[in-house]
Number of protein chains: 2
Amino acid sequence: MASSNTLSPTQFLQQQLQEIVTLLEKQQLEKSLVERGPIINHDLVEAVLNKQQQNRLQEKFDLLHPADIAYILESLPLDQRQIAWDAIKIDDDGHVLLEVSDAVRQTLISSMEAEEIVNAAGKLNTDEIADLAADLPKRAMLKILRSLNNKERKHLNDILSYQENQVGSRMDLGMIVIQDDLNLKAVAAYIRKLGKLPKHTDKFFVVDQHGIVKGILPIHRLLTHLPVQSVADVMISDFVHFQAGQEIAEASRAFERYDLISAPVVDSDGRLQGRLCVDSIVDFIRDKTDEDMLAKVGVSEEEDLFSSVWKSAKNRWGWLLINIATAFVSTRIIGLFEDVILQLVALASLMPIIAATGGNTGNQTSILIIRSLALGQITPVNKRRLIKKELTLAALNGTLIGFLVGFLVWLLYRDLALAAVMAMAMFINLIVAVSVGLAIPLLRYKFGKDPAIGTSVMLTSITDSMGFFIFLGLASLFLIHRV
Amino acid sequence: MASSNTLSPTQFLQQQLQEIVTLLEKQQLEKSLVERGPIINHDLVEAVLNKQQQNRLQEKFDLLHPADIAYILESLPLDQRQIAWDAIKIDDDGHVLLEVSDAVRQTLISSMEAEEIVNAAGKLNTDEIADLAADLPKRAMLKILRSLNNKERKHLNDILSYQENQVGSRMDLGMIVIQDDLNLKAVAAYIRKLGKLPKHTDKFFVVDQHGIVKGILPIHRLLTHLPVQSVADVMISDFVHFQAGQEIAEASRAFERYDLISAPVVDSDGRLQGRLCVDSIVDFIRDKTDEDMLAKVGVSEEEDLFSSVWKSAKNRWGWLLINIATAFVSTRIIGLFEDVILQLVALASLMPIIAATGGNTGNQTSILIIRSLALGQITPVNKRRLIKKELTLAALNGTLIGFLVGFLVWLLYRDLALAAVMAMAMFINLIVAVSVGLAIPLLRYKFGKDPAIGTSVMLTSITDSMGFFIFLGLASLFLIHRV
């Protein structure tokens with residue numbers, strides 16, 4: 001962790017990375033020197049040198065936070081990453097695995113023996129094991145399950161039974177639970193006996209004898225109220241809590257709205273199941289925005305900066321093929337009008353303007369809708385108003401931009417009829433683009449799909465082909481004098 | 001705040017919104033009935049009805065958290081929003097203004113008298129006033145400054161002296177500072193006397209007599225250590241802290257890495273200036289991703305869902321015009337080859353495929369680079385490897401996709417030369433697209449600009465025009481038999 005007064009946390013990290021890369025390169029250099037050199041007992045010398053370097057690496061890693069180690073591993077190419085990973089002491093393995101990205105985690109786990117994985121998992125809580133579970137080989141997972149006691153195994157199964165987008169899958173069990181019939185003195189004594197509080201403990205959860213959550217006791221109330229007061233008197237009984245089956249996206253909005261640090265997770269009867277903490281929420285927000293951003297261009301979130309070229313290439317094909325397929329639709333639509341283009345070749349030159357404005361306008365509308373849907377701001381009450389507003393705006397912009405582009409076309413080609421067709425096509429095109437920009441996310445949302453994923457490519461494909469059809473169709477109606 | 005066991009936080013909010021809309025619509029209906037009806041003393045009756053409705057609205061708002069009120073105001077059309085805003089009691093005004101989006105805040109503030117604004121600000125801390133400052137009219141701001149005492153005025157000026165992307169602009173002053181020569185008993189007595197801790201107090205900041213931060217004392221250590229122990233013995237002296245002038249993006253990465261709740265902000269001498277809390281970090285991450293997403297299509301983040309059509313239209317012009325301008329470049333490039341297209345009109349049909357694959361490939365590369373830059377994973381050490389990998393990948397995908405598209409073109413037109421030109425164009429186009437996708441974000445970053453903003457539109461404009469040039473240029477070289 002950053003402790004020097006002069007370096008920022010990132011500078012500190014990059015310095016550590018630089019030092020480790022230097023160590024690794026020295027090791028590789030020495031190895032190649034020994035192999036090429038005149039020494040007879042290669043293997044022995046190499047082993048000694050290796051051991052020295054491993055020790056030096058180990059010393060460096062011992063001083064670093066698991067998150068810092070994760071950053072360094074992610075920034076190392078595959079060969080160096082493997083050497084560094086071997087140098088990290090077993091105790092930290094599990095925590096480092098938790099911190100690295102999914103793609104890098106897979107490269108690390110694939111080099112570990114089942115036994116090593118079980119040892120690494122041994123240092124983790126059940127909720128942490130749950131986070132890793134999807135990436136662990138089946139054999140290792142079975143061994144881990146066998147190493148747990150009954151209660152832990154039940155917890156692990158509980159968490160794993162929830163889907164990735166549900167609160168239950170991100171809850172942890174590191175909460176302090178107290179009975180509502182205690183007084184503060186007893187609570188203080190209990191805490192003192194525990195000796196240590198779980199991370200992010202800003203409040204205790206108060207339950208009755210059936211395990212039903214009755215209230216929360218913020219930790220500072222323990223400091224600011226008299227020891228003789230009872231928990232039931234001091235606790236807050238109007239508090240935010242979540243159902244384990246609820247969507248994590250919704251919980252994250254509540255964390256943002258109410259500035260929460262932790263909150264209880266309950267089952268449908270109100271019984272305490274676990275807690276949700278702000279660090280999981282921050283991870284979720286980051287994961288979701290990264291995923292949305294990468295999905296928009298068809299890069300799987302799992303791409304490792306240094307995965308093999310072949311793996312990366314495959315990762316990006318899906319979207320490229322979809323793009324080519326949709327572009328072929330445009331191609332066939334233009335193909336319908338090839339005789340029109342032959343009579344007025346300027347049409348071919350002007351097509352990119354139609355595609356650009358349609359795509360841009362449609363995306364503006366759809367992104368505003370996607371964001372408002374995510375914020376929960378679109379309700380049956382205001383949806384109609386919103387649609388009306390966007391369509392009015394399309395008509396207004398269509399008129400203005402239509403005139404502007406028509407004028408530019410007239411300047412280029414001095415052809416009034418062509419300019420008029422361009423202006424008309426622009427107007428209709430913007431109305432169509434906004435309609436599609438409204439329809440796709442609203443329909444996807446209605447049918448329970450994530451409106452952020454795939455909207456952009458569908459939209460652009462529709463606005464492109466519709467745009468070409470409108471423009472070339474109008475041209476063939478008004479500009480071409482059939483023989 | 002959500003307290004019912006059966007409703008999720010969002011369902012609760014939407015229910016509240018629905019009830020308030022019903023109240024507002026009833027009020028508008030009664031008003032129009034009175035105006036059309038046979039009653040002579042319109043004004044009086046209206047005033048009485050109005051008062052009743054206002055009271056009912058006020059009662060509803062009194063029960064809601066400022067963040068909930070903000071959500072409801074954002075979801076209301078302008079006319080209803082104004083009536084609702086008038087019903088919110090003065091005490092809450094300031095906190096609601098803090099919670100609403102920038103665009104909605106402007107609509108609310110524009111309807112307030114300077115005196116009302118000063119009253120609203122009177123309930124806020126100086127760091128909260130700093131958050132509002134940019135949106136307040138000058139006259140109101142001067143009055144607020146006059147109402148502060150010297151210390152508060154200095155704090156406010158300190159915070160306002162930092163830029164929006166610096167840690168100092170988001171720090172708050174709600175921290176508990178203790179001297180390192182106390183013992184825990186004295187600290188506990190001090191806390192008990194305070195009676196209340198600021199939100200998000202998970203630790204106390206320990207300073208020496210010069211105000212230099214020496215360590216942090218997590219609140220739970222107060223509960224788990226003996227009262228006779230001294231602060232200096234129990235505190236943690238290796239802790240994460242930030243410089244006030246540091247970039248907030250960097251601080252947010254450190255919060256994520258180390259799962260922080262709060263951290264001290266210091267000046268260059270290590271003197272305590274304030275603290276940074278996780279809620280500000282969550283807001284920053286959300287703001288930044290929203291801004292990036294909206295900026296990508298040229299919608300200013302400040303667009304209010306219900307702002308006037310005219311205002312929204314203007315908001316979206318900038319980007320549309322840039323798109324049209326860049327599309328005109330493509331237009332002129334295609335224009336250069338109009339005689340080529342006349343000889344082989346299939347070229348016009350095939351252009352969209354070139355544009356689609358180039359844009360998509362370039363965006364895939366640039367988004368990976370932008371993300372890695374944001375994570376601080378691109379260092380001088382690994383940059384060369386990364387560039388080499390992306391270019392190898394472009395050559396691989398260019399070959400494969402080139403063959404595929406060439407084959408499809410052959411199927412469509414049964415013209416082997418045309419198919420070969422298409423495949424060649426695709427190969428060169430992907431290399432160009434990846435080079436541009438690498439160059440733009442890396443250069444923007446090098447020159448201190450945000451690589452996420454504007455990259456996509458620049459990239460698409462270059463890949464489009466270069467793609468057309470390569471495709472049509474190759475066609476004119478190899479396919480056209482000049483007379």
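The values are calculated or read from the model by the stated rules, or taken from the named source; none is laboratory data. Not measured: the values here are computed from a predicted model. Virtual Cβ from ideal backbone geometry, glycine too; neighbours counted across all protein chains shown. The protein model used for the area step is the full one, side chains on, heavy atoms only, and it has no ligands, DNA or RNA in it. Shrake-Rupley method; radii C 1.70, N 1.55, O 1.52, S 1.80 Å.
Suppose we filter A:348, A:395, A:355 for residues that are of a type in the set (A, V, I, L, M) and touching a Gly at 6+ places or on another chain (Cβ under 8 Å); which single one remains?
The match here is A:355.
Determine, yes or no, whether residue B:232 is closer than 20 Å to residue B:176 by Cα, open to solvent by 30 Å² or more (accessible area, probe 1.4 Å) and aliphatic (A, V, I, L, M). Walk me through it before giving the result.
Numbers: closer than 20 Å to residue B:176 by Cα: yes; open to solvent by 30 Å² or more (accessible area, probe 1.4 Å): yes; aliphatic (A, V, I, L, M): yes.
For residue B:232, the condition - closer than 20 Å to residue B:176 by Cα, open to solvent by 30 Å² or more (accessible area, probe 1.4 Å) and aliphatic (A, V, I, L, M) - is met.
Based on what the data block shows, is residue B:238 part of a loop (DSSP other than H, G, I, E, B), outside the structural domain of residue B:319 (by TED's automatic domain parsing), open to solvent by less than 40 Å² (accessible area, probe 1.4 Å) and of a type outside the set (Ser, Thr, Tyr)? Explain how you work it out, then say what you get.
Working: part of a loop (DSSP other than H, G, I, E, B): yes; outside the structural domain of residue B:319 (by TED's automatic domain parsing): yes; open to solvent by less than 40 Å² (accessible area, probe 1.4 Å): no; of a type outside the set (Ser, Thr, Tyr): yes.
No.
Could you grab me the full set of residues in region B:217-235 that are in a helix (DSSP H, G or I) and within 11 Å of chain A (Cβ to nearest Cβ)? So that I can check it myself, show each step before the final result.
To start, the set of residues in region B:217-235 that are in a helix (DSSP H, G or I) comprises B:219-224, B:231-234.
Within region B:217-235, B:219, B:220, B:221, B:222, B:223, B:224 meet the criteria.
Answer yes or no: is there a residue in region B:98-108 that is buried (at least 19 other Cβ atoms within 10 Å of the Cβ), over 18 Å from residue B:303 (Cα atoms) and among the hydrophobic types (A, V, I, L, M, F, W, C).
Scanning region B:98-108 turns up no residue that is buried (at least 19 other Cβ atoms within 10 Å of the Cβ), over 18 Å from residue B:303 (Cα atoms) and among the hydrophobic types (A, V, I, L, M, F, W, C).
Please state which one of A:441, A:451 is in a loop (DSSP other than H, G, I, E, B) and under 22 Å from the mean Cα position of the chain (by Cα).
On the way: A:441 fails: in a loop (DSSP other than H, G, I, E, B).
Testing whether each residue is in a loop (DSSP other than H, G, I, E, B) and under 22 Å from the mean Cα position of the chain (by Cα) leaves just A:451.
Which residue is nearest to residue B:285 (Cα to Cα), if the candidates are limited to region B:413-432 and must be surrounded by fewer than 22 Cβ atoms within 10 Å (Cβ to Cβ) and touching a residue at least 60 places away in the same chain (Cβ under 8 Å)?
The extreme case among them is B:432.
Residue check: is residue B:389 open to solvent by 60 Å² or more (accessible area, probe 1.4 Å) and free of Cβ contacts under 8 Å to residues at least 60 places away in the same chain? It would help to see each step written out before you state the result.
On the way: open to solvent by 60 Å² or more (accessible area, probe 1.4 Å): no; free of Cβ contacts under 8 Å to residues at least 60 places away in the same chain: yes.
The answer is no for residue B:389.
With the structure loaded, tell me whether residue A:464 is charged (D, E, K, R), buried (at least 17 other Cβ atoms within 10 Å of the Cβ) and more than 30 Å from residue B:22 (Cβ to Cβ) or whether it fails that test.
Values: charged (D, E, K, R): yes; buried (at least 17 other Cβ atoms within 10 Å of the Cβ): yes; more than 30 Å from residue B:22 (Cβ to Cβ): yes.
The answer is yes for residue A:464.
Of the conditions (1) surrounded by 21 or more Cβ atoms within 10 Å (Cβ to Cβ); (2) facing chain B (nearest Cβ under 9 Å); (3) modelled with pLDDT of 90 or more, residue A:364 clears all except one; give me its number.
Only one criterion in (1) surrounded by 21 or more Cβ atoms within 10 Å (Cβ to Cβ); (2) facing chain B (nearest Cβ under 9 Å); (3) modelled with pLDDT of 90 or more is unmet by residue A:364, namely (3).
Could you check residue A:206 against (1) at negative phi; (2) surrounded by fewer than 20 Cβ atoms within 10 Å (Cβ to Cβ); (3) not acidic (Asp, Glu) and say which number it fails?
Unmet condition: (2).
Can you say whether residue B:245 is more than 8 Å from chain A (Cβ to nearest Cβ), in contact (Cβ under 8 Å) with a residue 24 or more places away in the chain and in a loop (DSSP other than H, G, I, E, B), as far as the supplied structure shows?
Judged against the criteria, residue B:245 is a match.
How many residues does region A:136-188 hold that are at pLDDT below 90 and touching a Pro at 6+ places or on another chain (Cβ under 6 Å)?
1
Given B:321, B:272, B:260, which one is modelled with pLDDT of 80 or more, in the same structural domain as residue B:454 (by TED's automatic domain parsing) and either closer than 21 Å to residue A:8 by Cα or not hydroxyl-bearing (Ser, Thr, Tyr) (or both)? Break it down stepwise before answering.
Working: B:272 fails: in the same structural domain as residue B:454 (by TED's automatic domain parsing); B:260 fails: in the same structural domain as residue B:454 (by TED's automatic domain parsing).
After applying the criteria, what remains is B:321.
Among the residues of region A:69-78, what is the count of those that are without any contact (Cβ under 8 Å) to a residue 40 or more places away in the chain and within 10 Å of chain B (Cβ to nearest Cβ)? Steps first, please.
If we filter region A:69-78 for residues that are without any contact (Cβ under 8 Å) to a residue 40 or more places away in the chain, which is where we start, we get A:69-70, A:73.
Adding the requirement that they be within 10 Å of chain B (Cβ to nearest Cβ) leaves A:70.
Residues flagged as without any contact (Cβ under 8 Å) to a residue 40 or more places away in the chain and within 10 Å of chain B (Cβ to nearest Cβ) within region A:69-78 amount to 1.
Within the set of pairs 6 or more residues apart or between chains, which connect a residue that is at the interface with chain A (Cβ under 7 Å from one of its Cβ atoms) and over 16 Å from residue A:199 (Cβ atoms) inside region B:197-209 to a residue that is part of a strand (DSSP E or B) and modelled with pLDDT of 90 or more with Cβ atoms less than 8 Å apart?
B:199/B:277
Each row is one residue, and each column tells you yes or no for (1) open to solvent by 20 Å² or more (accessible area, probe 1.4 Å); (2) closer than 30 Å to residue B:10 by Cα.
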{"site": "A:375", "(1), (2)": "yes, yes"}
{"site": "A:381", "(1), (2)": "yes, yes"}
{"site": "A:394", "(1), (2)": "no, no"}
{"site": "A:397", "(1), (2)": "no, no"}
{"site": "A:409", "(1), (2)": "no, no"}
{"site": "A:434", "(1), (2)": "no, yes"}
{"site": "A:450", "(1), (2)": "yes, yes"}
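Can you tell me which of (1) outside any helix (DSSP H, G or I); (2) under 30 Å from residue A:414 (Cβ atoms) is the one residue A:377 doesn't meet?
(2)
Looking at A:476, A:461 in this structure, which one is in contact with a Ser or Thr (Cβ under 6 Å, 6 or more places away or on another chain) and touching a residue at least 60 places away in the same chain (Cβ under 8 Å)? I'd like the intermediate steps shown before the answer.
Values: A:476 fails: in contact with a Ser or Thr (Cβ under 6 Å, 6 or more places away or on another chain).
Within the list A:476, A:461, the selection yields A:461.
Enumerate the pairs (first residue in region A:49-68 and farther than 26 Å from residue A:35 by Cβ; second residue anywhere and of a type in the set (Lys, Arg)) with beta-carbon separation below 6 Å, excluding pairs fewer than 6 apart on the same chain, so at least 6 apart or on different chains.
Close Cβ pairs satisfying both conditions: A:67/B:257.
Please count how many residues of region B:201-216 are part of a strand (DSSP E or B) and of a type in the set (Gly, Ala, Ser). Reasoning before the result, please.
Within region B:201-216, the first condition is being part of a strand (DSSP E or B), and the residues that meet it are B:203-207, B:212-216.
Adding the requirement that they be of a type in the set (Gly, Ala, Ser) leaves B:215.
Summing the residues that are part of a strand (DSSP E or B) and of a type in the set (Gly, Ala, Ser) in region B:201-216 gives 1.
Mind checking which pairs have a first residue in region B:115-127 that is at pLDDT below 90 and a second that is open to solvent by 20 Å² or more (accessible area, probe 1.4 Å) and assigned to a loop (DSSP other than H, G, I, E, B), Cβ under 6 Å, 6 or more apart or different chains?
As it stands, the answer is B:127/B:173, since those pairs meet every condition given.
Condition check ((1) more than 11 Å from chain B (Cβ to nearest Cβ); (2) under 30 Å from residue A:299 (Cβ atoms); (3) touching an Asp or Glu at 6+ places or on another chain (Cβ under 9 Å); (4) not basic (Lys, Arg)) across all residues:
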| site | (1), (2), (3), (4) |
| --- | --- |
| A:23 | yes, no, no, yes |
| A:26 | yes, no, no, no |
| A:29 | yes, no, no, yes |
| A:36 | yes, no, no, no |
| A:80 | no, yes, yes, yes |
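If the requirement is being within 25 Å of residue A:260 (Cβ to Cβ), free of Cβ contacts under 8 Å to residues at least 40 places away in the same chain and not assigned by TED's automatic domain parsing to the domain that holds residue A:282, which of these qualifies: A:135, A:131?
Values: A:135 fails: within 25 Å of residue A:260 (Cβ to Cβ).
Result of the check over A:135, A:131: A:131.
Considering only residues that are under 16 Å from residue B:26 (Cβ atoms) and of a type in the set (A, V, I, L, M, F, W, C), which ones fall in region B:67-96?
Passing the criteria: B:76, B:83, B:84, B:87.
Enumerate the helices (runs of 4 or more DSSP H) found wholly within region A:128-200, keeping only those where 1 or more residues are open to solvent by less than 30 Å² (accessible area, probe 1.4 Å) and over 30 Å from residue B:219 (Cβ atoms). Walk me through how you get there before you give the answer.
Numbers: elements: A:138-147, A:150-160, A:167-170, A:184-194.
So the answer is A:138-147, A:150-160.
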